[in-house]
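Q: Can you read through this structure? Questions will come right after.
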């Protein structure tokens, strides 16, 4: 029997909320002194260097906020300036992200190991399908909310 769309939406929302809690727990376990906005800044720089304008656009915040954020990250030696006017992660910044990711995987493994062995492939397939449906949305440009 197929679940009703509203039921599927609620279940997906519960999964999303749980994944956010898992990420936050991993972040708190690994880097409790790195603020959430700083983690978002590190994630925005993961994989490539970027200027403040692109980071502001990606995060949906003001350019002034991003400049302040980058200054704080630079003082903490998590990012460094690279010419011309861009920033990249330092080794320490990469380590914070990777250690957080590793801890998140550990926490998720602790949860998934409690699932019945026959349910694990079903969960894997459901997570992969959800990822396939949601990941294209990450590339949709953000609109400015009036709130």
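The values are calculated or read from the model by the stated rules, or taken from the named source; none is laboratory data. Bear in mind that the values here come from a model prediction, so they are computed numbers and not experimental data. When we count neighbours, we look across all protein chains shown, and the Cβ atoms used for this are built from the backbone with ideal geometry, even at glycine.
Q: Any idea how many residues of segment 81-93 are exposed (fewer than 12 other Cβ atoms within 10 Å of the Cβ) and under 23 Å from residue 25 (Cα atoms)?
A: 1
Q: Separate question: Quick one: is residue 117 under 23 Å from residue 12 (Cα atoms) and exposed (fewer than 12 other Cβ atoms within 10 Å of the Cβ)?
A: yes
Q: Can you confirm whether segment 110-127 contains a residue that is under 19 Å from the mean Cα position of the chain (by Cα) and at pLDDT 90 or above?
A: Looking through segment 110-127, none of the residues is under 19 Å from the mean Cα position of the chain (by Cα) and at pLDDT 90 or above.
Q: Moving to a separate point now. Output the residue which, of all residues in segment 49-64 that are touching a strand residue (DSSP E or B) at 6+ places or on another chain (Cβ under 9 Å) and not in a strand (DSSP E or B), is surrounded by the most Cβ atoms within 10 Å (Cβ to Cβ).
A: Residue satisfying both the conditions and the ranking: 55.
Q: Considering 133, 70, 78, 112, which residue is touching a residue at least 40 places away in the same chain (Cβ under 8 Å) and either under 22 Å from residue 21 (Cα atoms) or surrounded by 11 or more Cβ atoms within 10 Å (Cβ to Cβ) (or both)?
A: 78
Q: Further question: For segment 38-85, which positions are under 16 Å from the mean Cα position of the chain (by Cα) and closer than 17 Å to residue 98 by Cα?
A: 38, 39, 40, 41, 42, 43, 44, 45, 46, 47, 48
Q: Still on this model: Are there any pairs with C-beta distances below 7 angstrom linking a residue in segment 1-28 that is on the phi < 0 side of the Ramachandran plot and at pLDDT below 90 to a residue that is in a helix (DSSP H, G or I) and surrounded by 13 or more Cβ atoms within 10 Å (Cβ to Cβ), with the two at least 6 apart or on different chains, and if so which?
A: 12/130
Q: State whether the residues of segment 94-102 include one that is touching a residue at least 40 places away in the same chain (Cβ under 8 Å), touching a helix residue (DSSP H, G or I) at 6+ places or on another chain (Cβ under 6 Å), under 21 Å from residue 138 (Cβ atoms) and surrounded by 12 or more Cβ atoms within 10 Å (Cβ to Cβ).
A: yes
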